[in-house]
Structure formats: structure tokens, C-alpha cells
Amino acid sequence: MKSKLFFWLFILVLLPSLSAQIGNRIPAERLPELEAGILPWQRAGYISQLGDELIGITRFIDVTELGAAGDGINDDSGAINNAIAQAQTVADSFGFTMIYFPEGIYKISETIYLCSNTVLKGAGQDLTTLSFSITDGDYIRITGENDSTYINRAGIEDLSIIRYDTNQNSNYRGMFFRFNYAENCWIRGVNSFQASRNHVYITYSNNIEISGCYFQTAASYGSGGNGYGIQIGFYSHKCLIENNIFRRLRHAMVLTDAAHHNVFGYNFSYDQHTDDEIIGLDWVTAVSYTHLRAHETVLDLVCR
């Protein structure tokens, strides 16, 4: 009992010192070179890349018109993939194809592969739910082929995504949202519930924006990368993670493997949880840095 009390007294004494160090000005030698007169951080996210460009919806596809039931019983995977296939054939760099999900629960048993210049849009996160049962693979993938073939300008908006399967395979590595070789893409206004591993995993990508979302709970909280909210890794840069809420996750925000020039702002994380006790306590940090060369990342978050 005395040792635990001593530990918490030590933390209380240490925290003001840490805050003072974090609040200091970043040394000039650690700042990156300016790009067109501004720091790379200031180009983070999707909106800043567009400037004054006007974006229009050039095609609208209602998944229910292609046979999706949205009743939470019938499998709507075929209709959804058909909608994406149609969107891909008319991909327009000057506009978007909107694939719209009216109010309902859409049961899905296959990975969704989103193409460029396409938006998956629901009627609202309280009205539209994508309910996945996948035993192998990610739920929604926004992935290009390599560093010369990116998925560009793809988004997910105004819906909820949940896991309803009972897959107990400890080797299952599926993510809810997987960005790989993607740029200028986004997730906005999404409620993500009970992720299999990561809610969002971003690799080899840039200018990904995630804002106004609610990421809550995980299927597993064990070590080895389970129970994460948003993980940015493998040289991904200029991503903007802003105004999100994270609940009951092992780590809410994770930076790995040379992620750099990313911005985290106005995020709130609470009720952190792990299956692995630390000195006898169920306690973990909201932010984690591993295998990291990400010192050029801006953080502004609230944890409880």
C-alpha cells in the first residue's frame, strides 16, 4: 500500500515539471524547413490542400436503389461493392461520386475497397450503421498500389461502424479503417464501435484528416497492438487528427515508424483500459510513441 502511495506522490510531483518542459518553445534546430513560407505542420489535413478549389458531387448513388436492404438482416455487401464499382468507372478528378446510405443498418460480410474521388456518406451517425462480420481482413480499405499510385480524395462521413461478429481468433489483425498509400482523404462525423484491433491505421500516406469522430472500445486490450484508436506509422505525414473523442481504449493515439509532421489537436481521451496490469493498476496512457522518429509532431489533447 505504501509503495502505491509513494508512486502516485511521485507522479504528482513529476507532472508539473513535465508540463513545463512540454510547454517550452521548440528549439530552432529542430524545426523543419519552410515550404512556401510556412511550416509543413500548417499543411496538415485535407482541407488545406484544396485551397480555393471548388468540389462538386458529379454522381449520386443510393445503395438502396442497387438492392441494399438496410434492415440489419440481409447481407448488403453485393449492393455496396456494386456501387463502388460503378463509382470507379466514372471517377472524376474534378468532383466526387457520393455513395449514399439512407437510414438503416447495413449488414456487411466483405471488405469494402474505396476508390479515389468517392465518398461513403450516411444519413447521420445515429441513423446509418454499417454492421460488419469479417473473420479475416480489414473492414474499409483506402489503399493504393504503391508510392506512385495513391488513392486520392476518398472519404467516409456521417455514419456508425460496428463489429457484430464473434471472431475469437487471437491472430486476427483486421482494422476498421485502413489507409495505405492514400492522400487527401478523410473520416468525418463517424462513430466507430468495438474495433477488432485498430479503429484507424495509417501507413505510407499523407494529408489524411480525421475529425469530429467518436472512437470507442475494442474487442481485445492485450499487448501486441490491440485496443488502439488511431495509429499513424511508416513515414505518414501531414495528417490532421482533430476534435475527436476516444473512450475505453488501450492507447487512443499512437505514432510509430518515422511518422512525421502530423498534427493532433483538441482531442479528448478517457477511460483508458488494458488487460495487462501495470504495477498492479489498470492504467495506460492515451498517447503512445513506439519505434519513433516523430519529434516533429504537434500535440494538443486532453486526457482523463
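The values are calculated or read from the model by the stated rules, or taken from the named source; none is laboratory data. Computed from a predicted model, the values in this text were never measured in an experiment. All Cβ positions, even for glycine, are placed from backbone atoms using ideal geometry, and neighbour counts span all protein chains on display. Heavy atoms of the whole protein, side chains included, go into the accessibility calculation; ligands, DNA and RNA do not. Shrake-Rupley method; radii C 1.70, N 1.55, O 1.52, S 1.80 Å.
Couplings for the stretch 199-214, taken from phi via the Karplus curve 6.51 cos²θ - 1.76 cosθ + 1.60 with θ = phi - 60°, read 5, 9, 10, 10, 9, 6, 9, 9, 6, 9, 10, 10, 8, x, 10, 10 Hz in order; Gly and Pro are left as x.
Within the full protein context, the accessible area of Tyr228 is estimated at about 30 Å² for a probe radius of 1.4 Å. Apply the a/c threshold of 1.5 to the C-alpha gyration tensor of the stretch 183-271 and tell me whether it is rounded, prolate or oblate. Verdict is oblate for the stretch 183-271. Calculated accessible area for the stretch 146-223 comes out at 32 Å² per residue, all protein chains present (probe 1.4 Å; ligands, DNA, RNA ignored).
The modelled label-to-label distance between Arg59 and Tyr266, using points 7 Å beyond Cα along the C-beta direction, is 3.5 nm. In this structure, the amide hydrogen of Phe264, modeled 1.01 Å from its nitrogen in the peptide plane, lies closer than 5 angstrom to those of Ile241, Val298, Leu299, Asp300, counting only residues at least 5 positions away or on a different chain.
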